[in-house]
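Notes for the one structure printed next.
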Amino acid sequence: LTDIKHCGPCDIGLIEGGVCNAENVHVLREFRDNCKILVAIGACAINGGLPAQRNHLDLQDILIEVYQTGPSLDAEHAQIPNDPELPLLLDKVRPIREVVQVDYFLDGCPPSGDAIWKFLTDLLAGRTPSLPYPLRHFD
């Protein structure tokens with residue numbers, strides 16, 4: 001298990017979180033290229049989750065509200081970050097499957113440790129992962 005931006009070949013890759021910027025796209029594609037099996041874990045990875053609630057809003061309007069006109073901001077000095085080191089935001093938060101092929105989906109928000117263990121145990125034993133109802137939750 002690792003939490004790095006670059007990895008070599010692996011049998012099973014676990015990915016969580018939605019895709020919201022250009023760096024996410026790049027890292028996800030590289031990760032997919034190195035994984036025999038890719039598993040999307042959690043609601044954000046599977047359908048965009050809570051961050052995707054911004055998808056019905058205009059991105060520029062959101063940036064203005066957050067960085068320039070919010071009630072706790074000093075309007076005179078407030079500006080939207082524009083550093084070339086920052087990854088370019090996508091117009092929408094995307095589920096992982098819209099960017100790369102996903103082999104398995106482990107739903108939940110978040111899936112419990114027991115659910116992840118059962119899922120991986122099945123997968124490593126060569127069985128199709130199957131979770132009993134008590135291990136699935138969406139808190």
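Are there chymotrypsin sites (Phe, Trp or Tyr not before Pro) in the stretch 96-139 that DSSP marks as loop and that have at most 13 other Cβ atoms within 10 Å, and which are they?
On the way: sites: Y104, F105, W117, F119, F138; in loops: F138.
For chymotrypsin sites (Phe, Trp or Tyr not before Pro) across the stretch 96-139 that sit outside H, G, I, E and B with at most 13 neighbouring Cβ atoms in 10 Å, the list reads F138.
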What distance in nm separates the two pseudo spin-label positions at S130 and I80, each 7 Å out from Cα along the beta-carbon direction? 5.0 nm
Would you kindly state how much longer the chain becomes between T121 and E65 on full extension, computed as 0.36 nm times their sequence separation minus their alpha carbon distance, in nm to one decimal? 15.6 nm
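At a 1.4 Å probe, what is the % contribution of carbon and sulfur to the accessible area of the chain?
Details: 5160 of 9330 Å².
Within the chain, the accessible surface is 55 percent carbon and sulfur.
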Ignoring GluC sites (Glu not before Pro) that are buried or in helix or strand per DSSP, and keeping those with at most 16 other beta carbon atoms within 10 Å, what is the longest stretch of the chain between them? 1-75
Size of the dipole of the stretch 16-81 about the Cα centre, Lys and Arg at +1 and Asp and Glu at -1 on the beta carbon, nothing else charged, in debye to 20? 460 debye
Quick calc: nm separation of the 7 Å Cα→Cβ label points for S72 and L50 -> 1.6 nm
Stretch in the chain that is longest and holds no trypsin sites (Lys or Arg not before Pro) that DSSP places in a loop and that have at most 14 other beta carbons within 10 Å: 6-126
Want the number for C109 to D11: 0.36 nm per residue separation, take away the alpha-carbon distance, what's left? 32.8 nm
Accessible area per residue, Å², the chain with all protein chains present, probe 1.4 Å: 67 Å²
What percentages, rounded to whole numbers, describe P(r) for the chain computed over all alpha carbon pairs with 5 Å bin width beginning at zero? 2, 9, 16, 17, 17, 13, 10, 7, 5, 3, 1, 0, 0
Tell me the angle of helix 113-124 to the major Cα principal axis of the chain, expressed in degrees between 0 and 90 and rounded to the nearest ten. 50 degrees
Which residues does the label zone of N21 cover in the stretch 52-83, counting backbone N under 15 Å from a point 7 Å along Cα→Cβ? 63, 67, 80-83
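The values are calculated or read from the model by the stated rules, or taken from the named source; none is laboratory data. Please read these numbers as outputs of a predicted model, since none were measured by experiment. Cβ: placed from backbone, ideal geometry, glycine included. Neighbour counts: every protein chain shown. All accessible areas refer to the heavy atoms of the entire protein, side chains included, with ligands and DNA or RNA removed. Shrake-Rupley method; radii C 1.70, N 1.55, O 1.52, S 1.80 Å.
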